[in-house]
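Chemist: Structure provided below as structure tokens; questions to follow.
The values are calculated or read from the model by the stated rules, or taken from the named source; none is laboratory data. This structure is a prediction, so every number in the text was calculated from the model and none was measured. FYI the Cβ positions are ideal-geometry reconstructions off the backbone, even for glycines, and counts take in every protein chain you see. Just the protein is used for accessible areas: all its heavy atoms, side chains included, with ligands, DNA and RNA removed. Shrake-Rupley method; radii C 1.70, N 1.55, O 1.52, S 1.80 Å.
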Amino acid sequence: MKKWKITFALFCIMYLISVIRLPFSDTLTISDFIGAITGGLTLIPLYGFAYKIAVGSKLIAKLIFAFNGFIAILGIVLAALYLLNNFNFWQLLVTFIFLGFLYGFMYPQYMYAFRSQELWAKDV
């Protein structure tokens, strides 16, 4: 489970950097605040899976996974379309790095929401 704690720490650091950078942005819109809120909510299942702690309810974990799954599918489709239009080695490499990043982001959320039955039974 140490790798998932490191994964959580990396995503937490990236989130904190984006929140700290927010007030210094030239153009600040409502979508920036929505992104900050959803990014913070996304850390809940990552933290819960890494540390084996039930945070919130199972329904909340499933909703967070569904939201992020929708965004991930959208990102995969857009990356595939861009790759088809601009195919070269570097774009292919970036796409595979993106998919690896996405796996590290979505897998703990899935496991936390759907495959951690003992966690939800124990801490509820």
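Chemist: Please enumerate the residues belonging to the stretch 36-51 that are out of contact with any Pro (no Cβ under 6 Å at 6 or more places or on another chain) and touching a residue at least 24 places away in the same chain (Cβ under 8 Å).
Modeler: Residues satisfying the conditions are Thr38, Gly39, Gly40, Thr42, Leu43, Pro45, Tyr47, Gly48, Ala50, Tyr51.
Chemist: Here is a follow-up. Taking the options Ala113, Ala61, Ala54, Ala50, name whichever one is touching an Asp or Glu at 6+ places or on another chain (Cβ under 6 Å), open to solvent by less than 60 Å² (accessible area, probe 1.4 Å) and under 19 Å from Phe8 (Cα atoms).
Modeler: Ala54
Chemist: On to the next question. Consider the stretch 64-91. How many of its residues are farther than 28 Å from Leu119 by Cα and open to solvent by 50 Å² or more (accessible area, probe 1.4 Å)?
Modeler: 13
Chemist: Please go through the stretch 1-35 and pick out each residue that is of a type in the set (Val, Ile, Thr) and in contact (Cβ under 8 Å) with a residue 12 or more places away in the chain.
Modeler: Thr7, Val19
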